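Working notes, structure below.
Read-outs: derived from the displayed coordinates by stated rules, not from any lab. Given the structure is predicted, the values throughout are model-derived calculations rather than measurements. A quick note on method: Cβ atoms are made from the backbone with ideal geometry, for glycine too, and the neighbour counts reach across all protein chains shown.
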Ligand code: 6PG
């Protein structure tokens, strides 16, 4: 047995793992780390300083250095690597040991792993961790799922390392099984939606509004002091000001406009479709990343289709104001779609999520942290059964006040030929959601016409089929 016994283990000493270990060390927890890559172990040991943290090069040394029953966190890339780490560890673990997957695992993998490991006398938790490198180091938002009793074993440590808002830690047990990873997946879906909306605003302000990078920097800095205050608006303000060391231009102008993705946004859309919950803004954000990556085809299309754009001038201050309102409106609608998905998933998967709690722990540390999450938290506290944020009176008042700016912005974008699909999706979602009648009667008639799929009537109960004119 190793001389010193550590409270926690961490497998995976990449950027996120190493920073989380340092954060744990800062809060007085002793942590043993393990990574197959010896240089990462060495890097962590060099950074350890006064902290009670130590990296090990072999899993045997690592495991024997942990207090039992062991609590082992994993921060390794999602997918087969998680299974392979678990497979390697399993024979060396003892009953009662707890494995905590802190990566962006797909929620169905978390359910499968929990079930399998619990059968074998081991415990498993899936925990979403958001905030990137600096979040892991100085306070992430943490979304834990798993059994409540097992959560108790890590709660004091997670509460210590998490971001704080008004002294409250941005972590709270969310629900059984994969609840934590599901909430993290939807967090990332919202993240995709917000990033796309901000990019569309940038496109409009740059090309139609004629704002240069300095003006954009000033504008986003101002926005970040008002209702739009959020992590993503703040970093975007910084991005407009960043110089490129190689050319002296703004770095943003030197970056290839082709977005990458690891899949969490797509998973959100895939599961929303399977649960029949509309989240069109997030769907559109995923599609636009895909479209942005189709550079060759877009370049060929550009040659085939002559530009046919409205070149009329806009009233700059008025337009900037309208875009601000459109972005605010769209951000609210995007959160509403994400929360609606969480509400439906909670029933379908029996997570029993407390949506006020989710909004509460997203207020700090994570990528989608924003001032408006406090209003979302309050709305779900007022009415935990709220099926959509659009049905909250205070949200209705805000959205109604922003609607004109939203419509004007989309109208200007259409006239100017600027693609704003995520904004359009927000507006269309709102317009559809807030109408009692949608033209689905015609869809039902068509289905019955060609497939005898039947329809219901507005004036009497029952299911009907008609022999339509040409049948
Ligand atoms: C977070 C981020 C983090 C990661 C994204 C990036 O919450 O800290 O969401 O999980 O940066 O997964 O995702 P893409 O590579 O798909 O953009």
Taking 0.36 nm per residue of separation between residue 454 and residue 52 and subtracting their Cα-Cα distance, the length gained on full extension comes to 137.8 nm
Rounded to 0.05, the calculated FRET efficiency for the beta carbons of residue 120 and residue 164 at R₀ = 30 Å is 0.25
Sorted on mean Cβ neighbours within 10 Å (highest first), peptides 69-76, 218-225 come out as 69-76, 218-225
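If R₀ is 41 angstrom, what is the calculated FRET efficiency for the pair residue 59 and residue 148, using the beta carbon separation as r and rounding to 0.05?
Numbers: r = 29 Å, r/R0 = 0.72.
My answer for the efficiency is 0.90.
If a/c stays under 1.5 just call it rounded; otherwise compare a/b with b/c (prolate if a/b is bigger, oblate if not). Do that for the range 38-126, with a ≥ b ≥ c from the square roots of the Cα gyration tensor eigenvalues.
Prolate shape, in that a/c is at least 1.5 and a/b is the bigger ratio.
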Within the range 39-60, the residues whose backbone N lies under 15 Å from a label point placed 7 Å from the Cα of residue 4 along the Cα-to-Cβ direction are 42, 44-57
Protection proxy (average C-beta count within 10 Å per residue), highest first, orders 132-139, 4-11 as 4-11, 132-139
Placing each pseudo-label 7 Å from Cα in the direction of the beta carbon, residue 68 and residue 26 end up separated by a distance in nanometres of 3.4 nm
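For Cα pairs less than 8 Å apart in space and 6+ apart in sequence, what is the mean separation divided by the residue count of the chain, i.e. the relative contact order in percent? Walk me through the intermediate numbers first.
On the way: 788 pairs, mean separation 60.6, N = 471.
So the answer I get is 13 percent.
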So the angle from the long Cα axis of helix 231-241 to the longest Cα principal axis of the chain, reported in degrees to the nearest 10, equals 80 degrees
Under the 7 Å Cα-to-Cβ spin-label approximation, residue 383 and residue 155 lie apart by a distance in nanometres of 3.1 nm
For the chain, the longest principal axis of the Cα atoms and the Cα long axis of helix 107-119 enclose an angle in degrees, to the nearest 10, of 30 degrees
Expected unfolding gain across residue 254-residue 276 under the 0.36 nm per residue rule, minus the alpha-carbon gap, is 3.9 nm
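What does the helix-only formula give at 222 nm for the chain: each DSSP H stretch with n ≥ 4 adding -39500 (n - 2.57), the total divided by the residues, and the result rounded to the nearest 500 deg cm²/dmol? If you can, show how the numbers build up before the last one.
On the way: 19 runs with 259 residues, N = 471.
When only DSSP H runs of four or more count, the value is -17500 deg cm²/dmol.
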Expressed as a whole-number percentage, the relative contact order of the range 315-396 with C-alpha contacts under 8 angstrom and at least six residues apart is 26 percent
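Tell me whether the range 361-462 comes out rounded, prolate or oblate; compute the Cα gyration tensor, take square roots of the eigenvalues as a ≥ b ≥ c, and use a/c under 1.5 as the rounded threshold.
oblate
What shape does the range 295-366 have by the C-alpha gyration tensor, where a ≥ b ≥ c are the square roots of the eigenvalues, rounded means a/c under 1.5, and otherwise prolate means a/b greater than b/c and oblate the rest?
Values: a/c = 3.67, a/b = 1.83, b/c = 2.00.
Verdict is oblate for the range 295-366.
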For 199-212, 343-356, ranked highest to lowest by mean beta-carbon neighbours within 10 Å, the order is 199-212, 343-356
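If you take the beta carbon distance between residue 15 and residue 315 as r and set R0 to 41 Å, what does 1/(1 + (r/R0)^6) give as a FRET efficiency, to the nearest 0.05?
Working: r = 46 Å, r/R0 = 1.11.
Result of the calculation: an efficiency of 0.35.
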Simple spin-label estimate for residue 235/residue 88, 7 Å along Cα→Cβ, in nm, reads 2.9 nm
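Pairs of Cα atoms under 8 Å, at least six residues apart: use those to get the relative contact order of the range 299-437, whole percent. Walk me through the numbers before you get to the answer.
On the way: 107 pairs, mean separation 47.6, N = 139.
The normalised contact order for the range 299-437 reaches 34 percent.
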To the nearest 10 degrees, the tilt of helix 38-47 (Cα long axis) against the first principal axis of the alpha carbons of the chain is 80 degrees
Residue span residue 446 to residue 393: 0.36 nm per residue of separation minus Cα-Cα distance leaves a gain in nm of 15.4 nm
